[in-house]
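A.B. asks: Input: one structure, supplied below.
The values are calculated or read from the model by the stated rules, or taken from the named source; none is laboratory data. All values derive from a computational prediction rather than experimental measurement. Note: ideal-geometry Cβ built from the backbone for every residue, glycine included; neighbour counts use all protein chains shown. Accessible surface areas use protein heavy atoms only, side chains included; no ligands, DNA or RNA. Shrake-Rupley method; radii C 1.70, N 1.55, O 1.52, S 1.80 Å.
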Amino acid sequence: MSQTPPTQAAPTQAGPETSLPRTAPLRARAEIDLAALRANVRVLRDRAPHAALMAVVKSDAYGHGMVPCARAALQAGATWLGTATPHEALTLRAAGITSRIMCWLWTPGDPWREGIEADLDMSVSALWALTEVTAAARDAGRPARIQLKADTGLGRNGCQPADWPELVAAARSAEDAGLVRVTGLWSHFACADEPGHPSIAAQLNVFRDMVTYAEKAGIEPEVRHIANSPATLTLPDAHFDLVRTGIAMYGVSPSPELGTPADFGLRPVMTLAASVALVKRVPAGHGVSYGHHYVTSDETTLGLIPIGYADGVPRHASGRGPVLVGGSWRRVAGRVAMDQFVVDLGGQQVPEGSEAVLFGPGDRGEPTAEDWAQAADTIGYEIVTRIGTRIPRVYLNELNELNELNELNELNELNGLNGLREPAGMHEGFGDYDDE
């Protein structure tokens with residue numbers, strides 16, 4: 001691992017797979033490897049060859065940066081983008097992104113009309129939402145694109161099977177009135193990250209039944225979808241017309257039980273590093289950080305790492321979080337504080353300004369996000385998503401305009417001019433999906 005100070009990336013005219021040079025020192029940084037993200041999207045497309053792919057970029061692309069990651073995913077063949085909130089989706093539109101965008105977490109009074117005018121696909125789980133979106137469509141003077149969400153067993157958002165006939169009938173009436181176009185029927189798994197869990201097959205059966213009911217009632221969706229990242233990787237029967245890939249796109253495994261990122265041909269996209277701010281010798285018996293939960297056993301060297309829980313370093317990993325410093329793994333010594341934490345370097349000589357890597361792909365000996373998840377008793381999703389805005393994102397391997405144009409032209413030839421691949425059998429019965 002390099003001992004040079006961590007520094008800022010700057011744009012260049014380098015080729016599409018060339019890392020950008022670093023020119024300005026930084027206290028800390030999160031490097032985002034867009035070449036790895038594009039490669040991950042291609043791997044996921046290969047996992048679901050008969051389905052379109054939605055790149056989920058909610059929560060600032062799981063902490064990686066929404067707009068750059070959305071663009072990279074589209075460059076690699078994603079044809080939809082997914083967000084939780086309408087405000088995230090509208091931010092993508094404001095950035096000039098014109099692909100299909102679906103957003104699913106709406107609350108009363110949200111900007112339905114703005115969503116209609118921005119050509120968003122908006123999820124509807126209940127009659128109140130349908131009432132608000134149809135009113136907004138009247139005001140906008142144009143139909144809204146909506147997708148009906150079924151609660152097939154997750155017990156979170158979505159329409160219960162008992163309420164589904166009423167919602168479907170109301171959506172059909174709104175279609176007949178020219179107020180909406182139902183573009184999709186969808187749901188979400190509860191336990192797709194737990195192989196063999198009985199709820200998986202149960203939810204698939206309920207989803208098929210609810211889709212069949214809606215189609216018999218006259219709904220003609222463009223896409224039917226239930227597969228998240230783990231289902232994309234392990235459940236081909238769940239791919240239907242579209243898969244929604246979130247955490248896997250960023251190279252983090254949806255579940256250690258399913259396998260490591262490398263097991264699926266994925267590479268972690270984020271590397272979190274900081275510059276060692278201070279190195280000092282302390283005597284034996286010296287307390288370290290709040291509460292003195294760590295006390296030195298011998299004379300030793302301490303290194304100060306200038307990021308803390310305000311930056312997203314989990315306080316739950318106090319005493320356990322791994323860091324690569326000077327080519328060696330160290331653990332957080334004592335409690336993680338708001339802005340800093342300490343590592344015990346022993347007798348190792350590490351100069352100030354040296355690089356401390358909290359996590360990355362792991363192939364250079366550094367810890368991974370999963371190592372931090374285990375240290376904090378959480379999941380890899382939370383580790384990357386919680387990295388705060390005080391940590392600058394440094395984007396590596398951005399496509400320059402010429403390379404981006406060439407790659408997008410190739411994708412248009414592959415995917416069709418409308419940017420949405422129509423899977424084989426998407427207008428046929430559900431029996432045709434059993435082999436996907």
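A.B. asks: Which of the strands (runs of 3 or more DSSP E) found entirely inside the stretch 324-407 contain at least 2 residues meeting this: touching a residue at least 24 places away in the same chain (Cβ under 8 Å), of a type in the set (Val, Ile, Thr) and open to solvent by less than 60 Å² (accessible area, probe 1.4 Å)? Explain how you work it out, then say what you get.
C.D. replies: On the way: elements: 328-333, 341-346, 355-359, 393-396.
It comes to 341-346.
A.B. asks: Within the group 162, 177, 126, which residue is farther than 28 Å from residue 235 by Cβ and of a type outside the set (Asp, Glu)?
C.D. replies: Exactly one residue qualifies, and that residue is 177.
A.B. asks: If you don't mind, there's one more thing I want to ask. Does residue 197 count as more than 22 Å from residue 365 (Cα to Cα) and under 23 Å from the mean Cα position of the chain (by Cα)?
C.D. replies: Values: more than 22 Å from residue 365 (Cα to Cα): yes; under 23 Å from the mean Cα position of the chain (by Cα): no.
Spelling it out, it is not the case that residue 197 is more than 22 Å from residue 365 (Cα to Cα) and under 23 Å from the mean Cα position of the chain (by Cα).
A.B. asks: Oh, and also: Give the residue, chosen from 162, 170, that is part of a helix (DSSP H, G or I) and either under 14 Å from residue 124 (Cα atoms) or open to solvent by less than 20 Å² (accessible area, probe 1.4 Å) (or both).
C.D. replies: 170
A.B. asks: Oh, and also: Need at least 3 residues that are in contact with a strand residue (DSSP E or B) (Cβ under 7 Å, 6 or more places away or on another chain), among the hydrophobic types (A, V, I, L, M, F, W, C) and crowded, with 21+ Cβ neighbours inside 10 Å per element, so show me which strands (runs of 3 or more DSSP E) inside the stretch 21-70 make the cut, counting only ones lying wholly within it.
C.D. replies: Once the strands (runs of 3 or more DSSP E) in the stretch 21-70 are filtered for at least 3 residues that are in contact with a strand residue (DSSP E or B) (Cβ under 7 Å, 6 or more places away or on another chain), among the hydrophobic types (A, V, I, L, M, F, W, C) and crowded, with 21+ Cβ neighbours inside 10 Å, what remains is 28-33, 52-56.
A.B. asks: Condition test on residue 195, is it in a helix (DSSP H, G or I) and not small (Gly, Ala, Ser)?
C.D. replies: Taking the combined requirement at face value, the residue does not satisfy it.
A.B. asks: Select from the stretch 71-96 the residues that are touching a Lys or Arg at 6+ places or on another chain (Cβ under 7 Å) and outside any strand (DSSP E or B) and write down the one among them that is farthest from residue 397 (Cα to Cα).
C.D. replies: So the residue we want is 84.
A.B. asks: Taking residue 206 and the conditions (1) surrounded by fewer than 22 Cβ atoms within 10 Å (Cβ to Cβ); (2) within 26 Å of the chain's Cα centre (by Cα); (3) not in a strand (DSSP E or B), which numbered condition does it fall short on, given that it satisfies the others?
C.D. replies: It is condition (2) that residue 206 fails.
A.B. asks: Could I ask something else about it? Just a yes or no: is a residue in the stretch 270-281 part of a loop (DSSP other than H, G, I, E, B), touching a Ser or Thr at 6+ places or on another chain (Cβ under 9 Å) and open to solvent by 20 Å² or more (accessible area, probe 1.4 Å)?
C.D. replies: no
A.B. asks: Please enumerate the residues belonging to the stretch 285-321 that are among the charged types (D, E, K, R) and open to solvent by 40 Å² or more (accessible area, probe 1.4 Å).
C.D. replies: Within the stretch 285-321, 298, 299, 315, 320 qualify.
A.B. asks: Also, I was wondering about something else. So in the stretch 183-199, with the set limited to residues that are in contact with a helix residue (DSSP H, G or I) (Cβ under 8 Å, 6 or more places away or on another chain) and buried (at least 23 other Cβ atoms within 10 Å of the Cβ), which one is nearest to residue 42 (Cα to Cα)?
C.D. replies: 192
A.B. asks: Residues being open to solvent by 60 Å² or more (accessible area, probe 1.4 Å) and part of a loop (DSSP other than H, G, I, E, B): count how many of those fall in the stretch 120-154. Please lay out each step first, then the result.
C.D. replies: Filtering the stretch 120-154 down to residues open to solvent by 60 Å² or more (accessible area, probe 1.4 Å) leaves 127-128, 131, 138-139, 141-143, 145.
Subsequent filtering for residues that are part of a loop (DSSP other than H, G, I, E, B) retains 141-143.
The qualifying residues number 3.
A.B. asks: Let me ask you something else. Being in contact (Cβ under 8 Å) with a residue 40 or more places away in the chain, surrounded by fewer than 16 Cβ atoms within 10 Å (Cβ to Cβ) and under 19 Å from residue 49 (Cα atoms) is true for just one of 265, 218. Which residue is that?
C.D. replies: Numbers: 218 fails: under 19 Å from residue 49 (Cα atoms).
Exactly one of 265, 218 is in contact (Cβ under 8 Å) with a residue 40 or more places away in the chain, surrounded by fewer than 16 Cβ atoms within 10 Å (Cβ to Cβ) and under 19 Å from residue 49 (Cα atoms), namely 265.
A.B. asks: While we're looking at this one, here's another question. Out of 101, 97, which single residue is touching a Leu at 6+ places or on another chain (Cβ under 8 Å), surrounded by fewer than 20 Cβ atoms within 10 Å (Cβ to Cβ) and more than 24 Å from residue 234 (Cα to Cα)?
C.D. replies: None of the other options fit; the residue is 97.
A.B. asks: If a residue must be over 14 Å from residue 182 (Cα atoms), touching a residue at least 24 places away in the same chain (Cβ under 8 Å) and of a type in the set (A, V, I, L, M), how many such residues does the stretch 128-142 contain?
C.D. replies: 2
A.B. asks: Further question: Under 6 Å between Cβ atoms, at least 6 apart or on separate chains: pull out the pairs that start in the stretch 38-62 with a residue that is on the phi > 0 side of the Ramachandran plot and at pLDDT 95 or above and end on any residue that is open to solvent by 10 Å² or more (accessible area, probe 1.4 Å) and of a type in the set (Ser, Thr, Tyr).
C.D. replies: Taking only residues 6 or more apart or on different chains, the pairs are 59/385; 62/385.
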